[in-house]
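Okay, structure first, notes after.
FYI, it's all coordinate maths here, none of it is from the lab. This is a predicted model, so every value here is computed, not measured. In this analysis, Cβ positions are derived from the backbone assuming ideal geometry, glycine residues included, and neighbour counts consider all displayed protein chains.
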Amino acid sequence: MGPTRARGGTADSAAAAATTVRVQTSTSEPPGPPGPGDVANLVGPPKLRGPRWAVAAFDKSQPVLSRVSAVQVYLVALGSVEDPIANISMLVQARQGSVVPVTVFRAGSGRTLECPKLNVFGLDIGAAVRETGISLRTLQAARVQGVRIDVTDDPAAKTRDLPNVAAVGLLLSK
């Protein structure tokens, strides 16, 4: 899944991405800010077995879910493995200390990922209510903490066989 970069934006803009991201991956210790150029390796060794994931955490700008219309993920390459991206979800804090995932993409859902391209995943608030079991009012007031991308856990021969994500952001309504 290669490098990730945070693009500038503010909570007041119609289309905003993370002002800063903290990237945590299934293979990183300890989690921390991206290095020079906002680059972080999101997938680790290609022959790794087990879960591969990355979280882009929005440190400063944490909009309420009611302002988020979509998650944006710029894919540079998908690699050659089947279903390279297993799941994409927003991590929302609905109550003090309770962070829950809200799925915006799941492999096998019929949606095709494209690259190199900015993929936009709209939020279905009704589906989010059903998935989380949280009331509509509480969910709409929840703060978006970040976006989690789960990558296939199938082994790959080389790193280039795995997906490469260049940027993660949120599309906000006015």
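One residue is enough: does the stretch 105-119 have a residue meeting the conditions within 17 Å of SER66 (Cα to Cα) and aliphatic (A, V, I, L, M)?
no
Given the criteria out of contact with any helix residue (DSSP H, G or I) (no Cβ under 7 Å at 6 or more places or on another chain) and more than 15 Å from VAL64 (Cβ to Cβ), does GLY146 qualify?
No: the conditions fail for GLY146.
Taking into account only those residues within the stretch 118-174 that are of a type in the set (Val, Ile, Thr) and over 28 Å from ARG95 (Cβ atoms), which is surrounded by the fewest Cβ atoms within 10 Å (Cβ to Cβ)?
VAL120
Working only within the stretch 58-117, note down all residues that are assigned to a loop (DSSP other than H, G, I, E, B), free of Cβ contacts under 8 Å to residues at least 24 places away in the same chain and not β-branched (Val, Ile, Thr).
GLN96, GLY97, SER109, GLY110, ARG111
Please count how many residues of the stretch 141-169 are within 11 Å of ARG52 (Cα to Cα), in a strand (DSSP E or B) and either more than 17 Å from the chain's Cα centre (by Cα) or not aliphatic (A, V, I, L, M) (or both).
2
Residue-by-condition table, conditions (1) touching a Lys or Arg at 6+ places or on another chain (Cβ under 7 Å); (2) closer than 24 Å to SER61 by Cα; (3) of a type in the set (Gly, Ala, Ser):
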{"residue": "LEU118", "(1), (2), (3)": "no, yes, no"}
{"residue": "LEU123", "(1), (2), (3)": "no, yes, no"}
{"residue": "ILE134", "(1), (2), (3)": "no, yes, no"}
{"residue": "THR138", "(1), (2), (3)": "no, yes, no"}
{"residue": "VAL147", "(1), (2), (3)": "no, yes, no"}
{"residue": "PRO155", "(1), (2), (3)": "yes, no, no"}
{"residue": "LEU162", "(1), (2), (3)": "no, no, no"}
{"residue": "ALA167", "(1), (2), (3)": "yes, yes, yes"}
{"residue": "LEU170", "(1), (2), (3)": "no, yes, no"}
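Where the second residue is aromatic (Phe, Trp, Tyr) and the first is in contact (Cβ under 8 Å) with a residue 60 or more places away in the chain and lies in the stretch 122-139, which pairs have Cβ atoms under 9 Å and are six or more apart or on separate chains?
Note: no pairs meet the criteria.
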